[in-house]
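Student: I'd like to ask you about the structure that follows.
Here, each number is a calculation from the coordinates, and none is a lab measurement. A quick note: this is a predicted structure, and the numbers were derived from the prediction, not measured. Here Cβ is always computed from backbone atoms with ideal geometry, including for glycine, and neighbour counts include all displayed protein chains.
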Amino acid sequence: MKRAAKTAGIFGAAVGVAAAGLATAFAVERVLVRRSVNAPGDPYVEEPFGDQQFDAERTVTAADGTDLHVEIVEPDEPNDRPTIVFVHGFALDMGTFYFQRKELAERGEYRMVFYDQPGHGRSGKLQSGTYDIAALGRSLAAVLESTVPDGHIILVGHSMGGMTIMAFAEQYPEWFGNRVTGVVLMSTSAGLIDKAQLGVTNLVARASAPFFPLWDKAAHLGGGTIDRARVASSDLAWLLTRRYGFGEAKPSATLVTFVESMNSKTSVETLTKYLHTLYTHNRFPALSALRGVPVLVVVGDRDYLTPVTHSEEILKHLPEAELLKIENSGHVVMLEKSEQVNAALIPFLEKIT
């Protein structure tokens with residue numbers, strides 16, 4: 001009895017200390033967030049993120065029944081340039097290509113297609129029940145068949161979007177060199193995810209990796225509860241987004257908020273079901289389909305999620321590809337360093353069109 005009481009006392013004390021620590025941590029976090037958000041000189045305060053024009057929108061239904069939200073931007077005048085199809089990454093949506101869409105639309109030279117991946121943005125949940133990269137490749141195929149029935153295509157993928165392109169290449173290699181005449185891979189990996197930090201410390205990554213397959217059940221049973229907890233800890237989420245999404249010590253608070261808003265709209269069910277497929281992703285053989293097709297690989301030198309070594313590994317399989325490393329940039333390189341990304345992207349497009 002005494003031992004039980006002593007154990008209970010120790011446990012209660014530990015809980016009390018933990019609760020006090022969390023309360024203090026959240027208080028500090030809120031102060032840091034407020035200071036960041038209210039910092040003067042943010043160049044993007046007036047930027048209308050999430051509010052971009054399009055000429056047409058449609059719902060594309062994938063082979064498994066998943067409804068995908070698609071937006072299309074037409075060129076000023078009809079031309080024979082390739083259609084550029086943008087494929088976003090994990091826990092984000094088509095808004096991640098905000099600055100690329102903005103500049104290319106102002107030029108008015110290219111037809112562009114954007115869509116939200118299954119379970120993200122305004123698209124429905126993956127109806128097949130299997131959240132894997134292969135299914136994302138089939139979803140991309142459905143978008144291409146519906147929105148670009150003929151003509152050349154340039155695929156641009158960020159993070160999981162790049163993996164989606166690789167899965168598409170694995171399943172439909174005949175498209176490359178024939179219909180697909182260019183590929184841009186941003187902050188992505190062909191199969192080294194088990195060596196990445198996945199947004200946490202090395203210690204936590206090593207400890208949690210074996211449990212990724214179990215998170216699916218946790219999400220199914222307690223997804224709503226976890227989602228509510230995410231809302232309650234939004235300040236912490238904002239700081240983690242800044243830490244692991246960006247490379248600059250003090251990135252634009254407006255950009256951080258924009259990225260976190262995309263993160264927060266993605267359900268925990270979607271997050272956990274995709275984590276396992278990201279962890280087991282291996283598409284190095286699929287890169288063979290891209291040989292002979294111009295490829296541009298872009299990565300930030302401070303990307304903690306898909307580090308530079310992942311892009312360098314892609315180059316080993318595609319030695320003719322171009323590699324652009326952008327200094328002081330993290331995982332959302334196309335937002336954080338949009339001018340530098342666009343300065344490389346546009347000449348690449350012009351060279352192959």
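Student: Which order, highest average first, do 68-75, 301-308, 339-346 follow once you tally other Cβ atoms within 10 Å for each residue and take the mean per peptide?
Tutor: Most protected by this proxy first, the peptides run 301-308, 68-75, 339-346.
Student: Fewest Cβ neighbours within 10 Å first, please rank HIS88, HIS158 accordingly.
Tutor: The fewest-first ordering by Cβ neighbours comes to HIS88, HIS158.
Student: Something else about it: Which value in nm describes the separation of the simple spin-label points at LYS325 and ASP64, placed 7 Å from the Cα toward the beta carbon?
Tutor: Each label point is offset 7 Å from its Cα along the Cβ direction, giving 3.7 nm.
Student: Give me the Å³ per residue figure for the convex hull around the C-alpha atoms of the stretch 138-190.
Tutor: Per-residue hull volume (Cα only) is 67 Å³.
Student: Return ILE153, ILE314 ranked ascending by Cβ neighbour count within 10 Å, so the fewest neighbours appear first.
Tutor: Going from sparsest to densest Cβ surroundings: ILE153, ILE314.
Student: Shifting gears a bit: At 0.36 nm per residue, minus the direct Cα-Cα distance, what do ALA344 and VAL45 gain on full extension? Give it in nm, one decimal, please.
Tutor: Once the chain is fully extended between ALA344 and VAL45, it gains 105.1 nm.
Student: Test of understanding: ordering THR257, THR188 by Cβ neighbours within 10 Å, fewest first, what list do you get?
Tutor: Taking fewest neighbouring Cβ atoms as first place, the list is THR257, THR188.
Student: Additional query: With the crude spin-label approximation of a point 7 Å out along Cα→Cβ, what separation in nm comes out for GLU174 versus SER288?
Tutor: For GLU174 paired with SER288, the spin-label model returns 1.8 nm.
Student: Determine, from the Cβ-Cβ distance of HIS152 and LEU236 and an R0 of 56 Å, the FRET efficiency 1/(1 + (r/R0)^6), rounded to the nearest 0.05.
Tutor: That pair, HIS152 with LEU236, gives E of 0.80.
Student: Can I ask one more? For a 22 Å ceiling on Cα separation, which of these pairs sit above it: LYS273/LYS337; LYS102/LYS125; LYS250/LYS325?
Tutor: Result: LYS273/LYS337; LYS102/LYS125 exceed 22 Å.
Student: At a 10 angstrom cut-off on C-beta neighbours, averaged per residue, how do the peptides 42-53, 76-87 rank from highest to lowest?
Tutor: Highest to lowest by the protection proxy: 76-87, 42-53.
Student: Could you order peptides 113-121, 167-175 by the average number of other Cβ atoms within 10 Å of their residues, highest first?
Tutor: Top to bottom by mean Cβ count within 10 Å: 113-121, 167-175.
Student: What is the log10 of I(q)/I(0) for the stretch 49-113, computed with the Debye formula using one identical point scatterer on each Cα and no solvent, at q = 0.14 Å⁻¹?
Tutor: -0.44
Student: Largest first, please: the extent of the C-alpha atoms of the stretch 250-297 along each principal axis, to the nearest Å.
Tutor: 40, 28, 16
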